[in-house]
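Engineer: Sharing a structure here in structure tokens format.
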Amino acid sequence: MSNISLFILMDNQYGYYIHGRTPHGTADINMKEMIDNLNREANQTIGGRGLEPNSNDQMFIIRVDRAFRTQYEILLRNYRVIICD
């Protein structure tokens, strides 16, 4: 129902990417449009929610290298400083 994706690292170099995408172009709709959109999905008259066209694959196991993890830690440390100030 939304266009929110998640990137979760469970370990230093291992985690998940959860692809949250609505195939309807926008998630900011009223209840009638939401019901119509869900009916189109149920009837398979619209593309899937997956990362690739006409796919429903939304969760992926990822492995990141040390350089990526180092950059991630730097960004996270900077974010924590902003929140704590």
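Engineer: Considering Glu52, Glu73, Glu41, which residue is at pLDDT 85 or above and acidic (Asp, Glu)? Spell out how you get there, then give the answer.
Structural biologist: Working: Glu52 fails: at pLDDT 85 or above; Glu41 fails: at pLDDT 85 or above.
Of Glu52, Glu73, Glu41, the one residue that is at pLDDT 85 or above and acidic (Asp, Glu) is Glu73.
Engineer: Starting from residues that are among the small types (Gly, Ala, Ser) and surrounded by 12 or more Cβ atoms within 10 Å (Cβ to Cβ), keep the ones in segment 1-53 and report whichever is nearest to Arg63 (Cα to Cα).
Structural biologist: Residue satisfying both the conditions and the ranking: Gly15.
Engineer: What number of residues within segment 8-24 satisfy the criterion of being within 14 Å of Leu51 (Cα to Cα) and part of a strand (DSSP E or B)?
Structural biologist: 3
The values are calculated or read from the model by the stated rules, or taken from the named source; none is laboratory data. Since the structure is predicted, the reported quantities are computational estimates derived from the model, not experimental observations. Ideal geometry is used to build each Cβ from the backbone, glycine not excepted, and the neighbour counts take in all protein chains shown.
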